[in-house]
Structure formats: structure tokens, C-alpha cells
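Novice: I'd like to ask some things about the structure below.
Every read-out reported here was derived from the displayed coordinates using simple, explicitly stated rules and does not represent laboratory data. Predicted, not measured: the structure shown is a model, and the values here were computed from it. Don't worry about glycine lacking a Cβ; one is built from the backbone with ideal geometry, like all the others, and counts go over all protein chains shown.
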Amino acid sequence: MTQKPLRVVPGSKSGGAKAKHRRISEEILSAIEDGRWVPGDRLPAEDQLAVEMKASLGTVQRALRSLVQMGVVERHHGRGTFVTGARAQEGQLQHFRFMAEGGTRLLPVYFKIVGIETIRESGPWSSFFGEREDNYIHIQRLVNVNDEFDVFSEIYLPASRFSEIAGMSEATLNGVSFRDFLAERFNAPTINTQQTMACQPLPPRVTRTLNVPHGQYGIVWSIGGLSYRNAPITWQRIFVPPSDRVIEIVPTSAAEQSPLQEVF
């Protein structure tokens, strides 16, 4: 497929180099959002970008530094600049894992889709996505932890962007890491998150699903996923019943260095 060249709209004389480097970073980001480069791709060399965008090398470098700060790209000395994949910036995105005795290994977890539907209901997810969204893809999952107990997870996605998922079978999505799936299939990596956690009574529909007593307290974990330009792409709520298992929370960079499983 022939790639269209990047084009930067000339600014006013008073805009200066600062305005131009911002326009260049916006143009690169727009090209990524349009699919010219997808997570994991290497961008052209800085001098090539400078020629293509009719800008100085210093201006292009400032634009790339801005994108690094936004979490859109990563720069590796001697290798080049790469579009950020499903990995978030260090310290921003956290995973939680259930630890075995002694805390030296994680317990295995197994995912099963129990429902996929398109809804118009409002709730915390609609506040997160904003008033522009009317329909949502609602995915319900059971996460079995080491055949000891189940965790209930529900994911909400804006239907305006991810309507294709509503037509997929449960078998197709079983065991899928939605974070990786959205990054690879829809060029929508999770760059940042907003998270809250509370200990409170689990809703009746959850206690029935998890087969725990009505009114049982548990952990309710809400995770809002943000992509490029801080655009909200996922909202997930995870219900964890009481257990003597410890949940370990680590920065993303540490989690990726260990072959441990995520619960989202």
C-alpha cells in the first residue's frame, strides 16, 4: 500500500519553531491514528522526517520528544523511534496478579467470555467515555484463579469505534488479552489508565454469578483505559470475592520482564 507523505501546514511567521514542532507532532500522531504506522513499527529516520516535513532536524527532534512524553512513541539509541505498542509508560499502567504461597510465583488464571452485547445503558462507563457516546459494547468474563475461585470482569467499549467486536463469537474472544487485541486489531494501544479500588458489597448479579452469599463484601476495581490524545477506549470493572490470596501490583515494565499472566 502506497503511503501518503506527511504534510505540515505552514504557520504564521509569529508562530515560530515552537508552533511548528507542535504541528509536526500532531501530524505524526494523526498518521499513527490513521494506520500509517501501527504499534511496534519504526518511524522513518529523523533526517528523513525532516526532509519529508520540510523542517529542521532540531524541530523534528523536538516533535519526537513531545510524542515520547505523551507515550505515543519510544526512542531507542542506535535503533530508532518506534510506535508504542500495548505497553504503557512505566509506572502508569499496573497489572494485578494472584500470588501462590511464599509469593514466588503467580497462580494460573483462565478466562471465559459469558456475554457480549451492545447496550445503551448509562453508568460510570458513560461518564468516562463522555456524552458523545450512545452505545457501548459490553463484555462479561469469568476469570478462574487456579480452580480455587472466580473473579467477575465486565468491559465496556465505545460502539462507535469497536462495533466489529459485537459480532465476534465468544469462542473467538476467550482467553484474549483485550489490551493487546485492541492495540493490534484497531491500532488502539492503552497508553495510560485511571484506576480506583474499593472494598464494598458485591452487587446481587455478581454474587449470583460467583456463587457467593448475598451481601458479600469484595474488592471492586475500576480501570479506565486511555489511548492516543488521552482518548478513552476501555472501561473495566473487576469484582474480586474474599480470598486469602495476595494480589501483587507492579509497574508495567516489571510485569513485562516476567512471564506472568494478567487479569485484564
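Novice: Count the net charge of all other residues whose Cβ sits under 14 Å from the Cβ of Ala100, scoring Lys and Arg as +1 and Asp and Glu as -1.
Specialist: Around Ala100, the surrounding residues sum to -2.
Novice: Treating only the Cβ of Lys, Arg, Asp and Glu as charged (+1, +1, -1, -1), what charge dipole size does the stretch 16-83 show about its Cα centre? Round to the nearest 20 debye.
Specialist: Value, rounded to 20: 320 debye.
Novice: To the nearest 0.05, how large is the calculated FRET efficiency for Asp180 and Leu57 if R₀ is 41 Å and r is the Cβ-Cβ distance?
Specialist: Plugging the Cβ-Cβ distance into 1/(1 + (r/R0)^6) gives 0.75.
Novice: Determine the sum of side-chain charges near Asp147: Lys and Arg each +1, Asp and Glu each -1, restricted to other residues whose C-beta is under 14 angstrom from that of Asp147.
Specialist: Local charge sum for Asp147: 0.
Novice: Tell me which residues come under 5 Å, amide H to amide H, from Gln216 once H is placed; ignore anything under 5 positions away on its chain.
Specialist: Close amide H contacts, sequence-distant or interchain: Leu202.
Novice: How big is D, in µm² s⁻¹, for the stretch 144-248 by Stokes-Einstein at 10 °C and 1.306 mPa s if Rh is the Kirkwood radius over C-alpha pairs?
Specialist: Estimated diffusion coefficient is 104 µm²/s.
Novice: Counting only C-alpha contacts under 8 Å and six or more residues apart, can you give the relative contact order of the stretch 94-256 as a whole percent?
Specialist: Rounded, it is 26 percent for the stretch 94-256.
Novice: Based on alpha-carbon centroids, what's the gap between the stretch 149-173 and the stretch 192-246 in Å, whole number please?
Specialist: About 16 Å separates the Cα centre of the stretch 149-173 from the one of the stretch 192-246.
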